[in-house]
Amino acid sequence: MPNKILLAPIFQNARFDTEERREGLNKLAQLADLEMEPTELTEDNADGVVGVIASSALVHPGFYQAAEKLRIISRWGVGYENTNYEIAAQHGVFVTIAPEHMVTVAEYTIAQWMATLKRVYTLNHLSHGGDFSIIRTYETNGSTLGLYGFGRIGQAVATRAKPLLGNEGRLLVYDVRSDIQELAAEYGAIAVDDPMVLFRESDTVSLHVAGDDVIVNYDCLCAMKPHGSLINPSRGNLVDDQSVNRAICEERLYYYVVDDPVNGPREIHKDHPRIICTNHNAGITLESAIRLDLRTFGQVTDAIQGRKPAHILNPDVLDHPRVKTFLKTE
């Protein structure tokens with residue numbers, strides 16, 4: 001059985017065909033046969049697999065157990081919930097992420113912040129419907145922006161937002177990290193100790209949090225200003241969809257922007273003119289796709305050739321006896 005590297009479906013998307021991608025795939029093909037990743041990885045897909053550049057496919061424990069040659073699962077992105085990375089460590093398999101999209105998501109956030117304040121979506125909807133009214137819009141200068149979560153992406157947003165807020169504007173941040181007061185000060189922001197402060201005082205709240213637990217419920221939304229907007233470039237599950245749909249219908253906030261498609265729990269938003277859904281595309285540009293390609297190509301190559309890959313999610317794997325047999329000492 002020849003060695004195989006499984007590739008995420010994104011590599012079949014002709015819109016992201018670049019010279020960098022073609023060259024990288026050619027180099028990978030010198031290490032192993034390239035095949036497309038199935039929707040789920042089970043023991044039936046394990047024979048000969050030495051590496052995976054994974055999308056959101058669920059990696060079953062049986063895959064790790066059966067994939068005796070497997071060295072790495074390299075996520076084309078940063079979401080890792082479906083990787084079972086702790087089980088991977090038990091079998092001596094690296095799981096890595098590719099945090100190459102911070103600037104991309106930050107730019108998306110700024111774009112949506114501006115678009116919601118300027119009521120771009122409503123004006124477009126009105127004009128296409130034959131209503132050519134002039135409506136009230138708002139400026140970033142002097143407004144209050146609240147960032148729920150202040151990791152790498154939140155900080156990238158702050159860097160870009162601060163000049164637009166001007167001397168009279170405020171940047172509020174909430175995060176549970178222990179250094180949040182000092183970190184906020186570095187960015188000219190004000191750290192608050194209760195996320196409800198963000199919802200009460202901000203003209204726009206943007207979420208930059210990992211995980212799948214609901215953090216925005218109906219009470220949070222009721223605390224918002226009626227002209228305010230909620231931007232969610234992180235994960236749809238962070239916001240209770242029934243509650244946000246209800247709150248907007250009740251005029252408790254103006255827009256909800258979520259970087260997820262109108263399906264599953266978000267199907268309730270279909271055709272709502274003030275709920276904007278963007279197909280989980282916030283982190284994907286031509287430029288970020290090239291960076292993601294190059295990072296994951298490098299991670300898989302390093303693992304196959306006995307080097308420690310970058311951005312290891314399960315560092316305990318370095319102590320696994322199997323890893324020690326193939327990892328070259330530096």
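Coordinate-derived values only; no laboratory data. These numbers come from a predicted model, not from an experiment. Note that we place each Cβ from the backbone using ideal geometry, even for glycine, and neighbour counts take in every protein chain shown.
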From phi via Karplus (6.51, -1.76, 1.60), per-residue ³J(HN,Hα) for region 263-277 in Hz, x at Gly/Pro: 8, x, x, 8, 5, 4, 8, 3, 6, 6, x, 10, 10, 9, 10
Glu81/Ile134 FRET efficiency (R0 41 Å; Cβ-Cβ; nearest 0.05): 0.35
Hull shadow area, averaged, region 102-277 [alpha-carbon convex hull, nm²]: 9.7 nm²
Spacing of the two label points (7 Å from each Cα toward its C-beta) at Thr159 and Leu286, in nm: 2.3 nm
Largest-first principal axis extents, alpha carbons of the chain, Å: 67, 47, 35
Approximate spin-label separation Asp44-Val197, in nm, with each point projected 7 Å along Cα-to-Cβ: 5.4 nm
Phi to ³J(HN,Hα) by Karplus 6.51 cos²θ - 1.76 cosθ + 1.60 over region 9-15, Hz, x for Gly, Pro: x, 4, 6, 9, 7, 5, 5
Contact order normalised by residue count of region 102-277, Cα under 8 Å, 6+ apart, percent: 19 percent
Region 240-330: trypsin sites (Lys or Arg not before Pro) in DSSP loop, at most 14 other beta carbons within 10 Å: Lys270, Lys328
Debye, to nearest 20: dipole size of the chain, +1 on Lys, Arg Cβ, -1 on Asp, Glu Cβ: 600 debye
Cα-based shape type of region 234-330, given that a ≥ b ≥ c are square roots of the gyration tensor eigenvalues and the cut on a/c is 1.5: prolate
Label-point separation in nm, Ala14 to Leu34, each point 7 Å along Cα→Cβ: 1.7 nm
